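Readers should treat all values here as calculations from the given coordinates under stated rules, not as data from a laboratory. All figures in this text were calculated on a predicted structure; none of them were measured in a lab. Cβ coordinates were reconstructed from backbone atoms using ideal geometry, including for glycine residues, and neighbour counts include every protein chain displayed.
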Amino acid sequence: MAIRSLHTQSPANDIDAAHSRRNASILLTLLFIAVYFCSLFSPPLLDDADATHADAARHMAVTGDWVTLYVNGIRYLEKPPLPYWVTAIDYHLFGFNVFATHLPIAIAVLLLALLARAWARRAYGERAATYAALGVLTSVGVFLFTRYFIPDVVLTLFLGVSLYCFLLGLELQSTPLLYGIYVALACAVLTKGLVAPVFFIGSVIIYLWLTGEWHRWRELRPFSGLLLFLILAAPWHILAGLRNPTEGHPGPIPTYGNHYGFFWFYFINEHVLRFLGKRYPVDYNKLPGYLFWSLHLVWLFPWSLFFPVALQQAWQRWKLFHATQVPMLQRLRNLDFTGKSTLLLSIYAAVVLVFFSISTNQEYYTFPAYLPLLVLTAAALARAERNSSKETRPSRWLTGAHAFYAIIGIGVAIALAYGLWTARHLPFEPDIGSLLAHRGVGDYTLSMSHFFDLTGRSFAALRLPAALALIAFALGPWIAWRLRARRRDFASTVAVALTSALFLIAAHIALARFGPMLSSQAFAQTINRLTKPGTAGASDVIYLYGDQSYGSSIPFYTGRVVDLVNGRSSSMIWGSTYTDAPHIFLTNQNLLDTWGKGPRKLMFVPLEKRDQVDALLGNRQYLLQELSGKALITDRPMPQ
């Protein structure tokens, strides 16, 4: 079999391969520790999705309710429970902190790198395996979209495992691997819903049609496998439906005591209507087509530099198909494991990308496509290096990639050097949020919108990360190019990965500097101090002006339900319509009626709402704390 020939080596070669594999393992371990593990301790949980999801897991850990998720006391069933189960267990082990929250995500990244390495090794060889794992650990998008608590990397892991079990299970006729398909797929459904089987089934159907392997469908254990899948995936959905039923007589717009229950909300609203862009409430957008496709060059940087290498090889293979007398479908049906892997990974990436190009989308929705794209790019790069070693000069495709990388490096280095030079005499300001321009480019819906808010003064707070990034881009691309020119291909590619790793470390330091702006932990600490049990402030009432996402880290770090003024919006609407929902939603008039009366009020006001609150309360507010434009106010002077 072709799959066995990949591993047929002499004893001497076995020793060299083992040594190379051990060195690669050490490199990958050090990169994971430096880039991912060391970043688990800062910054604090960020407002919006990060702390919102953490609050759901916190409630689960405190109450022991493993079926219905709650955020700030309100039902929250937009997402399946598996990531929250794991995080809730983490809280029991490590306490309620950022380390425990993000540890499962970091472990998922490591497992994804190991999966990429295992698949690429079996299909393309040891060098491609190392490059695939490096790609996962050092790609910008993988790092960026694991800085906060979203389940996409976990979904990518389980979908990748299910497809690998499918391909390898058929190849080896292994029953455990074939049942592994259904276990992994059930975990994927419990991670992010029905999109998982859509991607798996769509990819497998196209693959089986092209390869003509429909006749092997019985080998997939469809009936017993489906039963196993339902045993694992169905119970939570059934229990969630029973515990969160329809109340009243549902209408087109949810109202208190009059709405559809879990089954409609979860399966119709959060799946079908979200795909069609008709979800209620409408709080998701769709990236313009040019951004949707082109941003993948950013998310998969620096490995996207080698996309032209992969495309050039794909074009050569396409021409080879047409040059032979054998029909293309017949050739597809005689592929070895390497060819089958290339075909399945290509189909899978295309299914994910096309699906979300049609659906409403966020930047990170296409995360599952990162795995196949990185593995295919790693295979093409390893193949190009192998072919280039037989020629008198390096491949022009590889040289071109490094030339473009050097241009990017020079441009970034110049921009960073200019920023550092202009800020050389400015004092360090720990609250970087107060130094930003707040231009609102992209209305802050893009992951890097705040990049456009940087000013000369803000560079004074970013000297260390900017200097590290400057070193990375000034030296890394040049070193990689020189190594490539000297035919030290593996060292050159590793230099690209190390350059990216240093940049990602710098990016994390910068993110930590943005902590006061992106997180409200400091306000939660002040609230905890003022409302400490046994003190006069223990009975104080906590308000948050606007949607809970503006200050979602406050409920998490205080462990209290926070009343929301004008905050019955977005993800809070559905849960708030239940008759047993706590009455935490206040209007402006409610605020005016209670402000200055009864127990003392502490209200967190986000930057976006400061003007509204100033117009509403005027001089009836007393400032307790201010950071990055956000404020904590009270309704009466504090006792001295």
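Which loop trypsin sites (Lys or Arg not before Pro) in region 361-421, with loop taken from DSSP, have no more than 10 other Cβ atoms within 10 angstrom of their Cβ? Can you show the working numbers first?
On the way: sites: ARG383, ARG386, LYS390, ARG396; in loops: LYS390.
Answer in residue order: LYS390.
For LEU27, LEU376, what ranking results if the residue with the fewest other Cβ atoms within 10 Å of its Cβ goes first? Working shown, then result.
Details: LEU27 17, LEU376 24.
Lowest count first: LEU27, LEU376.
To the nearest 10 degrees, how steep is helix 98-124 against the longest Cα principal axis of the chain, on a 0 to 90 scale?
10
Mind checking the log10 I(q)/I(0) for the chain at q = 0.07, 0.08 Å⁻¹? Debye, one equal scatterer per Cα, no solvent, two decimals.
Computed log10 I(q)/I(0) values: -0.50, -0.65.
Please report, in cubic angstrom per residue, the volume enclosed by the convex hull of the alpha-carbon atoms of region 262-322.
Values: hull volume 9.7 nm³, N = 61.
Output value, Cα hull per residue: 158 Å³.
Along the charge dipole of the chain, Cβ charges K/R +1 and D/E -1, which of PHE223, THR594, ALA401 sits furthest on the positive end?
So the residue we want is ALA401.
In debye to the nearest 20, how big a dipole does region 68-215 give about its Cα centre with +1 on each Lys and Arg Cβ and -1 on each Asp and Glu Cβ? Display every interim value, and only then the final one.
Working: 8 positive and 6 negative charges, 39 e Å.
The dipole magnitude comes to about 180 debye.
Take PHE404, PHE301, PHE356 and order them by how many other Cβ atoms sit within 10 Å, fewest up front.
Working: PHE404 13, PHE301 17, PHE356 21.
Exposure proxy ranking, most exposed first: PHE404, PHE301, PHE356.
Size of the dipole of the chain about the Cα centre, Lys and Arg at +1 and Asp and Glu at -1 on the beta carbon, nothing else charged, in debye to 20? Write down the numbers at each step before the final one.
Numbers: 52 positive and 36 negative charges, 384 e Å.
Dipole about the Cα centre, nearest 20: 1840 debye.
Pairing the Cα long axis of helix 222-243 with the longest principal axis of the chain, what angle in degrees results, from 0 to 90 and rounded to the nearest 10?
Its long axis makes an angle of about 10 degrees.
Going down the table (LYS609/LYS630; LYS532/LYS630; LYS532/LYS609), which pairs top 20 Å between alpha carbons? Intermediate results must be reported in sequence, preceding the final value.
Working: LYS609/LYS630 9 Å; LYS532/LYS630 22 Å; LYS532/LYS609 27 Å.
As for pairs spanning more than 20 Å Cα to Cα, those are LYS532/LYS630; LYS532/LYS609.
For helix 49-63, what angle does its Cα long axis make with the longest principal axis of the chain, in degrees from 0 to 90 and rounded to 10?
Once rounded, one gets 70 degrees.
Below 8 Å, C-alpha to C-alpha, sequence gap of six or more: please give me the relative contact order for the chain in percent.
So the answer I get is 17 percent.
Can you list residues whose amide H is under 5 Å from LEU624's amide H, if they're 5+ apart or on another chain and H is modeled 1.01 Å from N?
Hits under the 5 Å cutoff: LEU632, ILE633, THR634.
Within 10 Å of each residue's Cβ, count the other Cβ atoms and sort THR535, THR342, THR422, THR52 from fewest upward. Could the numbers behind the result be given before it?
Values: THR535 11, THR342 21, THR422 14, THR52 25.
The fewest-first ordering by Cβ neighbours comes to THR535, THR422, THR342, THR52.
Please give the FRET efficiency for ASN619 paired with ASN588, using the beta carbon to beta carbon distance and R0 = 22 Å, rounded to the nearest 0.05. Kindly include the intermediate steps, with their values, before the conclusion.
Working: r = 17 Å, r/R0 = 0.77.
Step by step, r from the Cβ atoms, then E = 0.80.
Might you report the magnitude of the Cβ-based charge dipole of region 140-242 about its Cα centre, with Lys and Arg at +1 and Asp and Glu at -1, to the nearest 20 debye?
Values: 5 positive and 4 negative charges, 27 e Å.
Roughly 120 debye for region 140-242.
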